[in-house]
Amino acid sequence: MGHGRSLLFPIGFTLFLLAVDAAITMGLVSSMVSFLHHNGRGPFAVAPPGGSLFLLAGEPANLVTDHGHTTNAAGGTALVLVGLGGSIALWLEKRERKKWDRSSPAFHLWTLIVFLSWLLTMVALIYTFVETDKTGGQAINLGVARANRPPTKYPDGRWTPENWYASVLNLPLASENQRRIIEGNLTIMRAWRWNLVALFILGFALLALVALEQLRMRRSAQSVRFNHVKEVSGRRDFR
Ligand SMILES: *[C@@H]1O[C@H](CO)[C@@H](O)[C@H](O)[C@H]1NC(C)=O
C-alpha cells in the first residue's frame, strides 16, 4: 500500500463533517414536524382591516410532506450508515492494512454505501427544491379562508409547509406573538432546505476522496503485481 499517501485521514475528517451536518438536518426536520403537530395546527386568528375577525385552520387541506420524509431518510442514512458505519469501516481498514497490508471488505462495502447515500441526498435535494418551486408563488385568498372555518381546512392548492406558512404570514394575523412563532419556525424550514445543499456537497467530497483512495489502492496493487512479474521474468532471462 505504499503508492502515494493514504487518504484515510481526510476521509475521516470529511466523514465527521458530513455526520454533523446530517445530524443538523435531522434536528431541523424533526423540529418542523413538532411544530406541525403543535402550534402549527392553529387555528390562527385573522383580523382583516375593516372586516370581522375569523379563524383559519393552521394547515391547508393539501399539505405536501413527502420531501420532508425523503430528507429525513437522507439525513438518517448519512448519519448512521455513512457516519457510524464509516467509523467502523475506517477502523477495520486501518487494522487490516497494518496487519496484512491489504484492504478490508468492509471498506469496499462502505464505498458503495457512500455512493448510494449521496444519490439519496441528491434525490431529496431535487425533490425538495422542485416541490418548493411548484407550490410557490401562491397566496391565501381571504374570501376562501373566511368561508372555510376550522375544522375545515383551506381547500385550494397544494402547499409545502414552508410555502404555506410564508403565505400565512402575509395575512393580517391578529396576534403579534403568533406571528413571531410562525416566523421562527419558517426560518427552520428554510434552513433545512438550504442545508441539503451543504449535505450534498459534503457527500460528494467524501465520495470523491473514497473513490481516489480506491484508485490509489488498485494502482499500488497493480504495481506490486507488475514488479513481481518483472522479477520472475528477469530470473528466467538469467537462466
Ligand atoms: C416554533 O414553534 C414552537 C411551538 O410549536 C415554539 O415554541 C418555538 O419557539 C418556535 N420556534 C422558533 C424558532 O420560533
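The values are calculated or read from the model by the stated rules, or taken from the named source; none is laboratory data. Fair warning: this is a prediction, and the values are worked out from it, not measured in the lab. Heads up, the Cβs are rebuilt from the backbone with ideal geometry, glycines too, and the neighbour counts pull from every protein chain shown.
Kindly check whether there is at least one residue in segment 24-43 that is in contact with a Leu (Cβ under 6 Å, 6 or more places away or on another chain), within 16 Å of the ligand (Cβ to nearest atom) and either aromatic (Phe, Trp, Tyr) or not in a helix (DSSP H, G or I) (or both). Checking segment 24-43: at least one residue is in contact with a Leu (Cβ under 6 Å, 6 or more places away or on another chain), within 16 Å of the ligand (Cβ to nearest atom) and either aromatic (Phe, Trp, Tyr) or not in a helix (DSSP H, G or I) (or both). What about PRO105, is it over 30 Å from TRP194 (Cβ atoms), surrounded by fewer than 17 Cβ atoms within 10 Å (Cβ to Cβ), out of contact with any Asp or Glu (no Cβ under 7 Å at 6 or more places or on another chain) and touching a residue at least 12 places away in the same chain (Cβ under 8 Å)? Considered against the rule, which asks whether it is over 30 Å from TRP194 (Cβ atoms), surrounded by fewer than 17 Cβ atoms within 10 Å (Cβ to Cβ), out of contact with any Asp or Glu (no Cβ under 7 Å at 6 or more places or on another chain) and touching a residue at least 12 places away in the same chain (Cβ under 8 Å), PRO105 comes out as no. Evaluated against (1) part of a helix (DSSP H, G or I); (2) modelled with pLDDT under 95, HIS108 falls short on exactly one condition, (2). None of ILE182, ILE201 is touching a helix residue (DSSP H, G or I) at 6+ places or on another chain (Cβ under 7 Å) and not in a loop (DSSP other than H, G, I, E, B) except ILE182. Within segment 174-217, if we keep just the residues that are within 16 Å of the ligand (Cβ to nearest atom) and among the acidic types (Asp, Glu), the residue that is farthest from LEU112 (Cα to Cα) turns out to be GLU176.
Taking the conditions (1) under 28 Å from MET122 (Cβ atoms); (2) more than 16 Å from the ligand (Cβ to nearest atom); (3) surrounded by 15 or more Cβ atoms within 10 Å (Cβ to Cβ); (4) not hydrophobic (A, V, I, L, M, F, W, C) in turn, ASN62 satisfies each one other than (3). Candidates SER220, SER233, SER167, SER175: the one that is modelled with pLDDT of 95 or more, farther than 28 Å from MET26 by Cβ and hydroxyl-bearing (Ser, Thr, Tyr) is SER175.
On the stretch given as segment 162-178, residues that are under 25 Å from THR128 (Cβ atoms) and surrounded by fewer than 16 Cβ atoms within 10 Å (Cβ to Cβ) total 2.
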